[in-house]
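A quick write-up on the structure given underneath.
What follows is calculated from the coordinates using simple rules that are stated; it is not laboratory data. As the structure is a prediction and not an experimental result, all values here were calculated from the model. A quick note on method: Cβ atoms are made from the backbone with ideal geometry, for glycine too, and the neighbour counts reach across all protein chains shown.
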Amino acid sequence: MTGRDWGFETRAIHAGQEPDPATGAVVTPVHLTSTYAQDAVGQHRGYEYSRTGNPTRHALERCLADLEGAAHGLAFSSGLAAEDAVLRLLAPGDHVVLSIDAYGGTYRLATRVHEPAGLRTTATDLTDLDAVAAAWSERTALLWVETPTNPRLDIVDIERLAAFARERGARCVVDNTFATPYLQQPLALGADIVVHSTTKYLGGHSDVVGGFVATSDDAIAERLAFLQNAVGAVPGPLDCYLVLRGIKTLAVRMDRHCENARAVAAALEAHPAVERVLWPGLERHPGHALATRQMRDYGGMVSFTLAGGEQAALAVAGGTELFTLAESLGAVESLIEHPGRMTHASVAGSPGAVDPALVRLSVGLERADDLVADLLQALDAV
Ligand SMILES: Cc1ncc(COP(=O)(O)O)c(C=O)c1O
């Protein structure tokens, strides 16, 4: 794509996806091949082996890098594989400051895989700059931001924290899974690296697991490309195709996710069984003003606590019909879960342990009235 400064929706459909030069196929072909014929020894047409490079994967890498405003993008076999590659940029003895409210798998990867290999980590409240400063050490090399946070949906100031890290010679990485590049652009706010679980909103249909790293730093990208090939946690071409297809409708899906979340949050707020609704679109959410500055809209994730504690939370999580009781998020169908016992069970007993009265919703694209009715009948029953 050349010439005009095309808009997000246009780039989501066309970036990295020119019609196939061999056949004119409008849709990026799924290149199901492990290897490539070479014209002569040492002479190939850009591809040698599919762990190193695959044309379908490259189309995804170019498209998503473009949407993040990044010079480089690398696709991985899962969000955690992408995160693992980023953590492998560090050396033994290096220190990472991460959110106390980070995705449980990120915390597990950092503390139970990378700490035994010499990494040091501190989890703290990234909404509090004094807490970040207190957690900082001379060897802090990376600040790991996730916003909105999971599952409490706090909003972290990317611009401020990226500047804080840069002033101290460290890098800032943002997990942009919840917001997607449609709602939030971390690199434009000063972050060095963006990571994604493409399993979620980018894929958007609960049919693929994948991960992504975007950066405009040439040296970081070169090292990540080395790790992508040397470690080999790459996505298959069919998976890349599914994510590419999902991304084409990202903007319209995100608009509707946000609209439905708004209706759900309002209905939850009015119900007596609900103690507190955590959705950054609500004016009394502590991160509302920051989210209004930093994001295009407030996202499709809604968490809430039950006045009746854990038993009530478990009853609501198990009492819906349309909201499927399942882990994960970001797809067309609505999901409900109990983070304390499900997605965040791995942080039980740690500083990031989740309130047992909390329920998390991934609000999907069903009719808003139906979603609200389903939640109200589950709440009425507790
Ligand atoms: C915010 C966030 N980051 C990363 C991941 C990990 O991604 P994956 O499950 O694709 O490995 C998840 C998964 O739930 C997530 O919610």
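Overview of results
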{"read-out": "Estimated FRET transfer efficiency (residue 41, residue 218; beta-carbon r; R0 35 Å; 0.05)", "value": "0.70"}
{"read-out": "Cα coordinate range in the chain, projected on the principal axes (Å, largest first)", "value": "73, 50, 36"}
{"read-out": "The range 276-314-the range 179-257 distance, computed between alpha-carbon centres (Å)", "value": "25"}
{"read-out": "Normalised per residue, the volume of the convex hull around the Cα set of the range 293-382 (Å³)", "value": "117"}
{"read-out": "Length gained when the stretch residue 284-residue 23 is fully extended (0.36 nm per residue, less Cα-Cα span)", "value": "88.5 nm"}
{"read-out": "Paramagnetic label zone (point 7 Å from Cα along Cα-to-C-beta, residue 311; backbone N under 16 Å) in the range 365-382", "value": "381-382"}
{"read-out": "Virtual spin-label span in nm between residue 229 and residue 259, 7 Å along Cα→Cβ", "value": "4.6"}
{"read-out": "Computed FRET value (nearest 0.05) for residue 333 with residue 71, which takes r as the C-beta separation and R₀ as 30 Å", "value": "0.30"}
{"read-out": "Relative contact order %, the range 1-80, counting alpha carbon pairs below 8 Å whose residues are six or more apart", "value": "28"}
{"read-out": "Simple label model, 7 Å out from Cα along Cβ direction - residue 33 to residue 324, nm", "value": "3.6"}
{"read-out": "Candidates per trypsin sites (Lys or Arg not before Pro) in the range 1-76, loop by DSSP, up to 11 other Cβ within 10 Å", "value": "4, 45"}
{"read-out": "For the range 1-55: span of alpha carbons on each principal axis (Å, largest first)", "value": "42, 22, 21"}
{"read-out": "Contact order normalised by residue count of the chain, Cα under 8 Å, 6+ apart, percent", "value": "17"}
{"read-out": "DSSP-defined beta bridges in the chain - what % are antiparallel, rounded to 5", "value": "55"}
{"read-out": "Prolate/oblate/rounded label for the range 189-247 (Cα gyration tensor, a/c 1.5)", "value": "oblate"}
{"read-out": "Projected area, mean over directions - the range 157-291, Cα convex hull, nm²", "value": "10.5"}
